Amino acid sequence: MVSYHLVILVHGLWGHFSNMDYIQKQIEEHIVASDPDEEVIVLKTGSHSGFLTYDGIDVNGKRVADEIMQQYDNLTNADTKDKVTKFSVVGYSLGGLIARYAIGVLYFQGFFDDIEPINFITFCSPHVGVLTPGKGITTKLFNLFVPYFLAHSGSQMFLSDKKMDAHDNKDGLPLLVWMAEPQSFFFKALSNFKYRSLYANIVNDKRTCWFTSAISIMDPFKSMSNEDSSIYNLDYIPGYEPTVIDLDKPIVISRVKPTVDEPGVEINWLKNFFERKFNWIRFICTLVIYTPLWGCYFIMKSGFERVKLNRRVNSFFLDASNNLLHLYTLVGDEAVAFANDSILVEDNDIEYKAEKEKDKSEIDEDSQDSEAEDDEETRSITSAQSMESFSTPFTTKLSDQTDGLIQSVFDAMNSEKYKDFQYSVKSSSNSDKIIIEIENTSAELALSDSQKLIVENLNSLDWAKFPVLIRNTKSTHAAAIVKIEDESYAEGKTVIKHFVNEVFKTS
């Protein structure tokens with residue numbers, strides 16, 4: 001009899017399961033099962049690769065949950081009594097949100113009744129969404145238009161979607177707010193994990209900067225605008241310096257206020273003024289000169305993919321097993337009425353197992369049309385997945401181009417540079433002082449009410465949080481997990497070393 005510790009690796013936006021190769025290799029080489037009869041099995045999910053990540057956190061979360069159930073079935077053997085007894089999840093970028101949705105689906109299905117959830121770990125995941133804090137006109141325009149280029153997943157990450165209560169008795173809430181609701185299936189599933197940990201970059205990771213990947217209402221590192229790693233003087237975790245910061249030691253943010261008589265103040269102001277103007281000129285040049293062909297192609301490709309996406313998602317929801325409405329209710333409700341049928345779920349005793357036992361090739365009574373739709377969806381997904389091995393370099397390049405454009409937008413929008421305020425970041429043994437300093441420097445961000453609620457609820461759980469400082473590349477988002485073999489990503493190997501040695505637990 002073998003007891004399996006099933007470890008799930010979930011990649012991010014425009015990603016491919018190969019993005020998680022380095023993490024998989026390190027887990028398999030360094031993680032030793034806690035019991036002689038136990039075996040660690042790693043599954044890299046692949047049902048949401050490439051443009052399929054556009055389909056939505058919910059749709060891809062269900063796909064990943066289905067992959068997990070398939071692997072569970074493959075590992076379970078009634079004759080030899082082999083079974084999955086432990087479960088861990090590692091999510092990267094958008095994959096962290098997809099993973100949180102997937103475990104909510106599994107919780108609903110009763111997956112954790114006989115399986116112990118051990119680790120839930122994310123790298124650079126936008127738990128609070130990617131809605132840029134601020135009230136300026138450029139920030140508002142950015143938050144308004146960018147989601148359209150990322151389809152369903154974009155609207156969900158920018159908190160512009162609405163998920164209705166299953167009883168239809170309250171206003172719709174953004175999906176990420178639902179997932180942070182303490183009485184939701186998603187939150188209950190997350191709270192069941194024995195260990196919750198996260199890694200967050202503190203520089204050069206604009207899309208998943210500190211506040212969202214570290215679940216914080218503050219950004220003491222000015223991670224949305226700062227690119228200069230030389231200003232930091234921090235304490236690091238021994239053996240993982242100078243990359244993994246020791247957050248257990250208080251960090252004091254001290255604002256140095258220059259006096260009027262101090263030389264160079266007017267010069268610095270003038271320099272910053274022209275620097276801000278230069279950032280806008282650079283962005284316009286990038287948009288008009290450097291990226292016109294790429295931009296046209298990207299917009300056309302996004303539009304084409306949106307048409308395919310709509311057909312895919314419509315087909316997905318035509319399958320009764322993909323009805324997700326029941327997930328938008330609170331645990332403890334006596335009954336949940338499904339919107340499109342009369343099934344009742346009482347006291348969370350979900351009759352999903354009966355459905356799971358149905359033969360997967362069985363055709364619904366009136367499903368000739370549905371079967372055609374399902375075949376079409378399967379062909380679409382299979383085609384997209386099969387193309388990934390061919391188009392991975394292209395999608396990687398497309399992602400890099402997009403990152404470059406977004407970087408220019410952020411630089412132009414965030415004229416407030418870290419060095420403008422001449423902060424010093426240093427360690428202090430006085431825990432009271434850090435609170436005073438942060439309050440005095442007004443480090444709290446102008447988050448929306450939804451974002452503040454997400455932060456408050458998720459932080460009601462215990463998290464081990466690890467700030468990461470990567471200096472040798474501006475592609476810190478990819479370097480944090482060593483997304484590809486690249487010399488400039490070497491610091492990411494220190495991050496993953498810390499992950500396997502200090503964070504990932506087997507019991």
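A few comments on the model shown:
- At R0 = 45 Å, FRET efficiency that the Cβ-Cβ distance of Glu444 and Tyr195 yields, to 0.05: 0.95
- Label-to-label distance for Leu141 and Lys497 is 4.6 nm, based on points extended 7 Å past Cα in the beta-carbon direction.
- Panel note: the C-alpha atoms of segment 1-148, placed on their principal axes, show extents of 63, 31, 23 Å (largest first).
- Extension gain from Trp463 to Lys505, taking 0.36 nm per residue of separation minus the Cα-Cα distance: 13.7 nm
- Zone of Asp248's modelled label, taken as backbone nitrogen in segment 484-507 under 17 Å from a point 7 Å along Cα→Cβ: 498-505
- Filter on Lys44/Lys83; Lys452/Lys505; Lys188/Lys465; Lys62/Lys83; Lys62/Lys474; Lys188/Lys308 - keep pairs with C-alpha separation over 24 Å: Lys452/Lys505; Lys62/Lys474; Lys188/Lys308
- Taking the average, over residues, of other Cβ atoms within 10 Å as the packing measure, peptides 71-82, 8-19 rank 8-19, 71-82 from highest down.
- Prolate/oblate/rounded call for segment 96-221, Cα gyration tensor, a/c under 1.5 rounded: oblate
- One chain, two ends: Asp82 and Glu487. Fully extended at 0.36 nm per residue, the span grows by 141.7 nm beyond their Cα-Cα distance.
- Packing order of peptides 95-106, 477-488, 23-34, highest average first: 95-106, 477-488, 23-34 (average count of other Cβ atoms within 10 Å over each peptide's residues).
- Cα-based Kirkwood hydrodynamic radius, segment 465-507, one decimal, Å: 10.8 Å
- Working ranking of peptides 109-122, 201-214 by packing, defined as the average number of other Cβ atoms within 10 Å per residue, highest first, is 201-214, 109-122.
- Segment Glu456-Asp37, extension gain: residue separation times 0.36 nm, minus the distance between their alpha carbons: 146.8 nm
Computed from the coordinates by the stated procedures, all read-outs in this text should not be read as laboratory data. Keep in mind that this is a model prediction, so the values were computed, not measured. Note: ideal-geometry Cβ built from the backbone for every residue, glycine included; neighbour counts use all protein chains shown.
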